[in-house]
Amino acid sequence: MSIWVLFKLIGSLALLMFGMKSMSEALQKMAGSQLRNVLQAMTTNRFTGMFTGAFVTAAVQSSTATTVMTVSFVNAGLLTLAQSISIIMGANIGTTFTAWIMSAGFSFNITDFVWPAFFIGLLLIYSKNKRIIGDFLFGVSFLLLGLGTLKATGTEMHLENIPAVMNFFQSFDDNYLSYFIFLIIGGIMTVCVQSSAAVMAITMTLCSTGVLPIYLGIALVMGENIGTTVTSNVAALTANTQARRAAFAHMFFNIFGVIWVLCIFRIFINMVCGMVGYNPTTPNPALLPFVLATFHTTFNILNTAILIWFIPQIEAFVCKVITNNNQEEDEFRLKFISSGILSTPELSILEAKKEISNFATRCHKMFGFVNDLLTITKDEEFNKTFSRIEKYENITDNMEAEIANYLTKVSEGHLSDDSKARITRMMRQIDELESIGDSCYHLARTINRRRKNAKQEYTPEQMEHINAMMVLVENAMTNMETMINHPDSQGAQFLKSRNIENEINNFRSHLKGKNFEDVNAGKYPYQLGVYYIDYISECEKLGDYIMNVNQASNECAKNR
């Protein structure tokens, strides 16, 4: 075997993997937010969840994308663990569609369809409205070209005439030890290349050339089913407990299926061979790709048919294996997003949206501490609350930086124009939320300076005005959270936010004029009046920042 044939083999695998990746990304980009809505809406029970998982996986041609997406949704609290298990079961069925495409590629010269697809894709890729379809056609073309080249290279290598290759496969007896060895090899190969489709293509090539016996080939496919679960488990390492449980449920599903199939291995394989019309005693290599595709589909359908009735028990099992650590939700750590889950950029926006909601909740809580600070008289309790506000100010700085970094990484992926615009507005939201945190800290510092330096307390009338302003800002904060969490109610809420903002501005202007009059009238010292107006003015700035967040939320809702 020449070095050029080896490069041709590796290059055809690279083309195949690149084609799968390009096609999947183009499909996800075309689906956009509709894909999110389908996954969330069609999970009312275990059966709709299963069909949804199968449909989405067949649509985007990537079980990894569906699984990582599902784990991300669980991490963000958008799906329950039970819902995610049913979706993952469906994803395992949907991914078998890829094997049928490949088996078709081994039955006739599939590259005949590549060149027209390349030509049409080239025309569309330069069209502003159709470029995503062009990307999809290019992905399909590269997939088919890689598959056809892999098939031709496998035939050209004449592996059946190479004694070393034949001796290697013949050294494995037809027993369970050999099956187990090839199962491990299949799992390791899938983990290494991070593509179950590539391992399936290699297996079909070896089987179709008559080098690899059908029983060992199917053992490779079973190993691939386990190896493909590693991706979702790696993605969930930095996620919350529920997300790790969902990823582990995926692994449990495939390991359970492999175990029961191994118990009746030859009986099950002979049944699959009979379905295709293949006789293991008189091998017909041309039928072997269809045998592998049939096995892959039958295995996942039967495994789902068995386990779908036991989702509550599976949920209880994974919860027992992966216990909840009450200390894991460190307040300096993002709650819903993490660097490990970023395989589907179009869908990662949901995690960021949830985290922004969490950011707003923290800011609101911080404002509550400031309100408490106004009425505390004991020094120890005052210092404790002030330190807590300082801590929250650092948290808001960290949250802004981490969410911004995450959104920057997401924006580097393949996104629709609407999603890119949405990310820009989300960046504005987190910037303004961080300013809210700064403003709350400035309010706390003003209270602290007045407490240390002023010779007297605020007058009852001043406190009445401060409390009235705090009520207005509290209403603005509540309205801001509502707008972030309930985009469907934007119209009425945005109008309400404008009215509150106008009230805050008018009240601030009124109090500034009255403060000037009261100081001149000698009702309180000038320095106390400075602290008083500093506090009122900072509340007005806080209202501006809240209004800016609301404007960004309103624009995001309009472009959903």
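The values are calculated or read from the model by the stated rules, or taken from the named source; none is laboratory data. Predicted model only: the values in this text are computed from it and were never measured. Every residue, glycine among them, receives a Cβ derived from its backbone with ideal geometry; neighbour counts consider all protein chains shown. With ligands, DNA and RNA removed, areas are computed over all heavy atoms of the protein, side chains included. Shrake-Rupley method; radii C 1.70, N 1.55, O 1.52, S 1.80 Å.
Odds and ends about this structure:
- Unmet requirement for E457, which otherwise passes all of (1) farther than 18 Å from R498 by Cα; (2) in a helix (DSSP H, G or I); (3) among the acidic types (D, E): (2)
- Residue match in the range 405-421 (condition: of a type in the set (K, R) and more than 19 Å from T361 (Cβ to Cβ)): yes
- Only one entry of I202, I214 meets the criterion of being closer than 26 Å to A14 by Cβ and surrounded by fewer than 24 Cβ atoms within 10 Å (Cβ to Cβ), and that entry is I202.
- Within the range 484-513, considering residues that are open to solvent by 70 Å² or more (accessible area, probe 1.4 Å) and of a type in the set (A, V, I, L, M, F, W, C), the one farthest from S537 (Cα to Cα): A492
Here's the yes/no breakdown for (1) on the phi > 0 side of the Ramachandran plot; (2) at pLDDT 70 or above:
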position: S12; (1), (2): no, yes
position: G32; (1), (2): yes, no
position: T52; (1), (2): no, yes
position: F73; (1), (2): no, no
position: A91; (1), (2): no, yes
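- Only residues that are open to solvent by 50 Å² or more (accessible area, probe 1.4 Å) and of a type outside the set (D, E, K, R) were counted across the range 252-286, and they come to 18.
- Criterion (modelled with pLDDT of 90 or more and aliphatic (A, V, I, L, M)) met by exactly one of I337, I322, I314: I314
- Residue check, R450 among the basic types (K, R), over 17 Å from A360 (Cα atoms) and open to solvent by less than 70 Å² (accessible area, probe 1.4 Å): yes
- Among residues of the range 375-421, those that are outside any helix (DSSP H, G or I) and surrounded by 15 or more Cβ atoms within 10 Å (Cβ to Cβ), counted: 5
- Test: residue in the range 367-374 that is surrounded by 22 or more Cβ atoms within 10 Å (Cβ to Cβ) and at pLDDT 90 or above: yes
- E481 being assigned to a helix (DSSP H, G or I), modelled with pLDDT of 90 or more and open to solvent by 70 Å² or more (accessible area, probe 1.4 Å): no
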